[in-house]
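> Take a look at this one; I'll ask things after.
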Amino acid sequence: MRTFFLPLREGHVTLREGMERLLSIGNPQSEVPWIVRVMENPAFNVPPLSMFRGRVTLYQHDCVHLLLGRGTTLMDEAFVVGFTMGSTKRMRTSATEFFGRVASRFYPKAYRFPPKARRVFQDAVHLAAISDCQPLDQVDFHALMDYPLREVRRRVCVEESLLQAYYEIEAARNPRIAACRRLVEGTTAA
């Protein structure tokens, strides 16, 4: 499986350009396992799955990857899903715990959250809940395609400084995980 990463510091890239890069290596929806689609896609918004707030289409999910400056590793996936759900400000702790258990036990191995990714997922839910960002499941990304990512973040109130502060914590907690280290490599410490 090929990976992708467009860091926060590349905010000059438009959302459209970022999507073209990401889609050139990404999996088509048909390759996403059924349990992942059922758990994360709003098309399956029936009880008990409706307890998971912020479920998005694959297109929206890919846009959020770019918005948050995350790649396609399991750590990145955990953060993107968690931040999207947390951005609704309506994700209950019990739903967060339940989703984390399912993603870490029942997802197919290539998609399964290992313990460190599960923690990143939980952190991301909480980080988004305290953020001023708009609910990401409600953002019309089609209207923002030709704006630089930094401007898209500004318009939906995703605070780059909050993300970068957390990414530094994530990298410090996981110094042996390249996907975490790369979040802060090449950046200057304040």
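The values are calculated or read from the model by the stated rules, or taken from the named source; none is laboratory data. Just so you know, these numbers come straight off a predicted model, no measurement behind them. With ideal geometry, Cβ positions are generated from the backbone for all residues, glycine too; neighbour counts draw on all protein chains shown. Accessible surface is based on the protein model in full, side chains and every heavy atom, while ligands, DNA and RNA are left aside. Shrake-Rupley method; radii C 1.70, N 1.55, O 1.52, S 1.80 Å.
> Could you work out [θ]222 nm for the chain from helices alone, using -39500 (n - 2.57) per DSSP H run of at least four and dividing by all its residues? Round to the nearest 500 deg cm²/dmol.
Mean residue ellipticity, 222 nm, calculated: -14500 deg cm²/dmol.
> State in Å² the accessible area per residue of segment 58-167; use a 1.4 Å probe, count heavy atoms of protein chains only, and round to the nearest integer.
42 Å²
> Classify segment 79-190 from the C-alpha gyration tensor, please: rounded if a/c falls under 1.5, else prolate or oblate depending on whether a/b exceeds b/c.
Judged from the Cα gyration tensor, segment 79-190 comes out oblate (a/c at least 1.5, b/c at or above a/b).
> Something else: Where the accessible area of segment 58-190 is counted over protein heavy atoms with a 1.4 Å probe, how much of it, in %, is carbon and sulfur?
55 percent
> Please work out how much accessible surface Lys89 shows to a 1.4 Å probe, ignoring ligands, DNA and RNA, in Å² rounded to 10.
The accessible area comes out at roughly 90 Å².
> Oh, and also: Apply 1/(1 + (r/R0)^6) to the Cβ-Cβ distance of Glu185 and Ser24, taking R0 = 25 Å, and write down the FRET efficiency to the nearest 0.05.
It comes to 0.60.
> Take every Cα pair under 8 Å in the chain that's 6+ residues apart, average their separations, divide by the length, and report that relative contact order as a whole percent.
In percent, rounded to a whole number, it is 25.
> Looking at the chain as a GNM with Cα springs under 10 Å, which of Pro48, Pro108, Pro33 has the largest mean-square fluctuation?
Comparing Pro48, Pro108, Pro33 in the GNM, the peak value goes to Pro48.
> Return the equivalent ellipsoid semi-axes of the chain as a descending list in whole Å, where each equals the square root of 5 times an eigenvalue of the C-alpha gyration tensor.
Values for the chain, descending: 23, 19, 17 Å.
> Quick check: convex hull of the Cα atoms in segment 95-139, volume per residue, rounded to a whole Å³?
85 Å³
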